[in-house]
Every structure is written in C-alpha cells, then in structure tokens.
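Note sheet for the following structure.
Derivation of every value follows stated rules applied to the coordinates shown; laboratory data play no part. Note that the coordinates shown come from a computational prediction; the quantities given were computed from them, not determined experimentally. All Cβ positions, glycine included, derive from the backbone under ideal geometry; neighbour counts span all protein chains shown.
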Amino acid sequence: MKKVWMTGLLAGMVAVSGALTATAQSLTKSDADVVVMEVEPNNSMEQATPFLDETFAKGGFTTQGDVDYYEIEVTKNDDDFHIVALPNNEAKFTLVFDLLDAKGNYVKPVDESAEELITKIYDINAGTYYIKANELNGAAYNSMYDFYHFVTIPSEVEWHLPPKVNPVDDNDKRVTGIAPPGERIVVKSGTKELGRTYASRTGGYTVPLKTTVKAGTKLAVMITDEWADDTSRVTNVVVKDGTAPGMPRVNAVDSNDKKVTGSAEANAVITVKVGSKVIATGRANSKGKFIVTVKAQRKGTVLYVAAADKAKNVSKSARVVVKKG
C-alpha cells in the first residue's frame with residue numbers, strides 16, 4: 001500500500017506543480033507546489049542544488065558522464081526517511097542514485113525497491129546529506145522527455161491517513177482541508193463527482209464547487225489516484241445549515257398587548273428584546289406561526305424580534321415600535 005501512496009504522491013505533485021518552477025536560491029519553506037530545477041553545474045557536493053522536504057527536484061543528464069548532486073537537510077534523527085525518484089515514463093535513460101553524508105561517505109539504505117519508481121529508505125541522524133544521481137552508463141540524453149524528479153519524505157509525514165476536512169455549510173462553494181502533499185482530492189455526493197484538486201506541498205487543498213450544496217447532504221472527500229482508489233482514505237462530512245432564517249414578520253403591538261405574534265421559519269426559536277435585554281422567548285410552530293407571551297410594554301418601546309433555527313443561525317431582527325393601546 002505504501003508504494004501506492006508514493007506513486008500517487010509523485011504523479012500528483014508532478015501534475016500540480018509542473019507549471020511552476022523555482023531555482024534553489026529563491027525557494028523558501030512558504031513556497032507550495034514548486035519544482036526546484038537543478039542548477040548546473042551541480043557535479044559535486046560543493047555545487048549541489050539544495051531542496052526541501054516534500055518539494056520536488058527536477059533534473060536530467062544532458063552531457064556525457066553528467067552527475068547531479070542535491071543537498072538536503074534532515075532536521076532530526078529519522079529511522080524511516082524516504083528518498084523517492086521517478087524518471088519520466090518516456091525517458092530513455094537508466095537513473096541510479098546514492099545518498100552521501102556531509103563527508104561524502106556512502107550511506108547504506110535499510111530497504112529499497114525499483115519498480116514504477118525508485119524508493120530508498122534510510123535510518124539516519126539529523127544533518128546535511130547529498131543525493132548523487134547519474135545515468136547508469138554515463139550517456140547523455142537531451143530530448144524533452146528525458147528528465148527525472150526526486151522528493152524526500154520524513155517519517156513524520158503520515159501518507160496513510162484520510163484527508164482532514166474543514167466544516168462545510170450550505171453557503172460554501174468550496175471544500176477545504178489538509179491532506180498529504182501532492183495527493184489528488186476528489187469530492188463526491190453519492191456517485192456524483194462535485195470537484196477535484198491536488199494538495200499543495202504544505203498539504204492544504206481547496207476543491208472548488210460549481211454551486212452550493214444543500215444542508216444535510218453527505219459528502220465523501222477522498223484521496224484517489226490513477227493507480228488505485230484507496231477506499232480507506234475517505235472522510236465523510238455532512239453539509240451544515242449555515243443559512244440564517246429570514247427576518248420574522250411581526251404583527252403590530254400596542255401598550256395593552258401581552259403577546260407578540262407573527263410568522264417566521266417553521267420551528268424557529270423566537271427571541272424578543274428591548275435593547276440588548278431579552279424579555280421573552282418562544283417557538284414558531286410547524287407552520288411558522290408564533291405567539292410569545294410578554295409583559296405589557298409602554299408606548300414608544302422598541303422591540304427587536306429575531307428567529308434562530310436548529311443550527312443556531314440567527315436572523316436579522318424585526319424592529320417593532322409599541323403603539324398606544
């Protein structure tokens with residue numbers, strides 16, 4: 001399953017970040033969806049192109065015997081540190097790479113695989129390291145398809161978790177949250193897809209919706225990719241009622257009246273205030289009619305009558321001036 005996560009990550013990150021590149025010198029931790037291009041010459045540790053965790057480095061082998069070095073910083077000891085390489089699927093070269101420590105010594109991986117992508121896992125201490133990449137036979141490849149990507153993934157990045165989803169209400173035209181960087185996020189209502197996007201390098205995502213969604217609708221927010229739909233990585237949310245009731249219609253009140261009557265949203269809680277003080281509360285019936293018992297108020301007193309629905313959305317207040325009875 002971890003191979004599926006990694007493959008989805010790489011494909012997603014390439015797709016979402018391919019249009020935006022940066023040099024290593026301009027990259028900061030605040031950058032999202034960035035591919036760092038190798039800066040030639042980077043044929044030695046001293047000339048290495050630096051890049052950040054969960055950020056892509058992109059390079060190729062354009063000259064005979066070309067070797068590419070990349071500098072990475074491991075911020076704390078990590079017994080499950082992944083370095084993943086993905087040659088473009090139309091590339092003709094054979095990519096090989098090793099990890100070196102700050103003194104140039106070879107660091108042996110604790111595990112590795114080389115199928116759709118090349119993954120090496122390390123048990124390493126905090127410090128500066130270098131990825132050394134080269135073409136297996138030292139050949140040069142110059143077509144537009146001959147490139148590769150690298151990404152480093154600390155163990156603290158939890159790729160197996162479903163996406164986190166912020167609350168959604170019936171006024172929203174987007175679904176937002178946090179997911180593993182580069183993963184493809186799809187929002188569905190039943191079998192109908194409402195939108196999709198990719199999580200950024202920092203994990204944030206925003207899925208635009210064409211229209212608002214009715215309160216009470218169940219949404220499935222899932223991580224999916226071209227290789228496999230991981231049904232365990234789904235977060236289900238119910239669209240909340242975020243729409244306030246309409247302003248109540250209130251009948252005239254005079255100084256002899258001991259009730260306030262009118263109509264509002266069905267079953268809404270009705271609040272009657274004088275200034276900021278609540279003087280009475282009641283509830284509309286299933287047809288929206290309400291009768292709220294109050295003490296008789298003096299002529300000229302201003303009453304403010306508001307309605308609140310089950311989701312505690314509160315309407316604008318109707319203003320009523322007590323007339324002479």
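Of note:
- Phi angles across the range 82-97 convert, under the Karplus curve 6.51 cos²θ - 1.76 cosθ + 1.60 with θ = phi - 60°, into 3J(HN,Hα) values of 9, 10, 10, 10, 9, x, 3, 5, 9, 5, 9, 7, 10, 8, 10, 8 Hz, Gly and Pro given as x.
- For the range 249-321, relative contact order (Cα pairs under 8 Å, six or more residues apart, normalised by length) works out to 33 percent.
- Here the dipole of the range 244-314 is about 180 debye; that uses its Cα centre as origin and unit charges on the Cβ of Lys and Arg (positive) and Asp and Glu (negative).
- Other residues whose C-beta falls under 13 angstrom from the C-beta of ALA284 contribute a net charge of +3, scoring Lys and Arg +1 and Asp and Glu -1.
- Residue-span extension gain [GLU90 to LEU161] - 0.36 nm each, minus C-alpha spacing: 22.4 nm
- Loop-located trypsin sites (Lys or Arg not before Pro) across the range 139-217 with a Cβ neighbour count of 13 or fewer within 10 Å are LYS173, LYS210, LYS214, with loop assigned by DSSP.
- The range 94-172: GluC sites (Glu not before Pro) in DSSP loop, at most 16 other beta carbons within 10 Å: GLU115, GLU116, GLU156, GLU158
- Mean Cβ count within 10 Å, highest first, over the residues of peptides 280-288, 44-52: 44-52, 280-288
- Our coupling estimate for the range 176-184, obtained by passing each phi through the Karplus curve with A = 6.51, B = -1.76, C = 1.60 and θ = phi - 60°, is 10, x, 9, 8, x, x, x, 6, 8 Hz, Gly and Pro reported as x.
- Close amide-amide hydrogen proximity is noted between PHE56 and VAL34, VAL36, each under 5 Å apart and 5 or more residues distant or on a separate chain (H modeled in the peptide plane; Pro and chain starts excluded).
- Amide H contacts under 5 Å for ASN88: PHE147, TYR148, HIS149, restricted to partners 5 or more places along the chain or on a different chain, H placed in the peptide plane at 1.01 Å from N.
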